[in-house]
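Chemist: Here it is: the structure, laid out below.
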Amino acid sequence: MIEAASVLAAENNNPLLPHPFELVVGIFSFLVVLIVVGRILVPRLQQTLEERTQAIEGGLERAEQAQKEAQQVLDQYKAQQKAAAVEASNERRKAEEQGAQIIAQAKEQAQVEARRIVENAKAQIEAERQQALQSLRAEIGALSVELAGRVVGESLADSARQSRVVDRFLEELEERARTQEQITS
């Protein structure tokens, strides 16, 4: 009997079937929790989710805006870089032109200076030649007068007579020199 009573008690007290009172209290508690969650927590969760969604979308918009601005800055930088390259090329070309002008001016000045030096040298040579000719004429004249005086046996003290003798002698020498040049040419 004890066994039968324990089986009956076990049937009445089935652990899988809750007690009706517990069942009503559980359902009522579940409904209260469901109402609290549905009315209070869900709107707060939805509001928080909406704020996060807006924050993320705003962040994406700001990131896109920042990316557009960065692209604009990059484009401006590239344009400035191209302009700087063009300007550097122009400056280099100008410097080369100026260098060529400076070289041309220096060559021209050197040629002018060389011509001046050559002309001065020619003038100095001509002056020295004339001086040497005059000195030679004077010496040759003196020697020829002395020689003529010895040959003739008379003195050529008269200056007019000396001058005529010297001139005639020099003319003869010049004539011989011209004849020699024509023969060698």
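The values are calculated or read from the model by the stated rules, or taken from the named source; none is laboratory data. Predicted model only: the values in this text are computed from it and were never measured. Neighbour counts run over all protein chains shown; Cβ positions are idealised from the backbone, glycine included. When the accessible area is computed, the model is the full protein with side chains, heavy atoms only, and any ligands, DNA or RNA have been set aside. Shrake-Rupley method; radii C 1.70, N 1.55, O 1.52, S 1.80 Å.
Chemist: Keeping all protein chains in place, calculate the accessible area per residue for segment 30-172 (probe 1.4 angstrom), answer in Å².
Modeler: Values: 12420 Å² over 143 residues.
For segment 30-172, the solvent-accessible area averages 87 Å² per residue.
Chemist: In nanometres, what is the gap between the two model label sites at residue 160 and residue 121, each 7 Å from Cα along Cα-to-Cβ?
Modeler: Simple spin-label model gives 4.8 nm for this pair.
Chemist: If you don't mind, there's one more thing I want to ask. I'd like the carbon and sulfur percentage of the solvent accessible area for segment 70-126, probe radius 1.4 Å, heavy atoms only, ligands and nucleic acids excluded.
Modeler: Summing carbon and sulfur atoms, their accessible area is 55 percent of the total for segment 70-126.
Chemist: Modelled label-to-label distance, residue 23 and residue 52, 7 Å Cα→beta-carbon offset: nm?
Modeler: 4.0 nm
Chemist: Note down the nm distance, to one decimal, between modelled labels 7 Å out along Cα→Cβ at residue 40 and at residue 62.
Modeler: Reported label-point gap for residue 40 and residue 62 is 3.4 nm.
Chemist: Ordered by residue, what ³J(HN,Hα) values in Hz, to whole numbers, does segment 46-57 give under the Karplus form 6.51 cos²θ - 1.76 cosθ + 1.60, where θ = phi - 60° and Gly and Pro are x?
Modeler: Coupling constants for segment 46-57: 5, 5, 5, 5, 5, 4, 5, 4, 5, 5, 5, 5 Hz.
Chemist: With θ taken as phi - 60° and the coefficients 6.51, -1.76 and 1.60, list the Karplus ³J(HN,Hα) couplings across segment 104-114 in order, rounded to whole Hz; mark glycine and proline as x.
Modeler: With the stated coefficients, segment 104-114 comes to 4, 5, 5, 5, 4, 5, 5, 5, 4, 5, 5 Hz.
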